[in-house]
């Protein structure tokens, strides 16, 4: 092959390789979406309050109070999202698990998935004829303090909450 044929083909190959590299780099840049799994944003600044936002779910826990005299956890959970959610488990320090009880049907009912939280509704735990969370005895919980809890939701996943503690 002559020298005049090799140089143009080499240049052409170099130009094509540079163009392919440039296009690959330009097309892969600018990605703003997270690539890993979404995690709840724990925005609690006040004990007993928590906001959880993940794709499809917008939950707000209000006035979470652990009553050490009865072992009851009272709170309300607002599901402002577009999908049904379930409160599946409440854990206390040192591996304790609360007993969940739900309504017989509909919003707040208990199934194998947990207590149902329909979209656009608020469920009050510990009220008359509502679902209930019964905490196990927790050593070290004192009135006017806080109790760290872990709540497991079907869609939002595990979240941490500090409930206010009262004696009555």
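The values are calculated or read from the model by the stated rules, or taken from the named source; none is laboratory data. Being a predicted model, the structure only gives us computed values, none of them experimental. Here Cβ is always computed from backbone atoms with ideal geometry, including for glycine, and neighbour counts include all displayed protein chains.
Structure notes:
- Some residue of segment 119-139 being under 19 Å from the mean Cα position of the chain (by Cα), more than 13 Å from residue 47 (Cα to Cα) and not in a strand (DSSP E or B): yes
- Qualifying residue in segment 6-29 (condition: part of a loop (DSSP other than H, G, I, E, B) and at pLDDT below 85): yes
- Of all the listed residues (120, 95, 140), the sole one being at positive phi, surrounded by fewer than 15 Cβ atoms within 10 Å (Cβ to Cβ) and free of Cβ contacts under 8 Å to residues at least 12 places away in the same chain is 95.
- Residue in segment 98-117 that is surrounded by the most Cβ atoms within 10 Å (Cβ to Cβ), counting only those that are part of a loop (DSSP other than H, G, I, E, B) and on the phi > 0 side of the Ramachandran plot: 108
- Qualifying positions in segment 140-168 - part of a loop (DSSP other than H, G, I, E, B) and within 23 Å of the chain's Cα centre (by Cα): 154, 155, 156
- Looking across segment 145-168, the residues that are buried (at least 22 other Cβ atoms within 10 Å of the Cβ) and closer than 13 Å to residue 89 by Cβ come down to 149, 151, 153, 156, 161.
- The set of residues from segment 72-96 being under 16 Å from residue 148 (Cβ atoms) and not in a strand (DSSP E or B) comprises 92, 93, 94, 95, 96.
- Filter result for residue 155 (under 17 Å from residue 59 (Cα atoms) and touching a residue at least 40 places away in the same chain (Cβ under 8 Å)): yes
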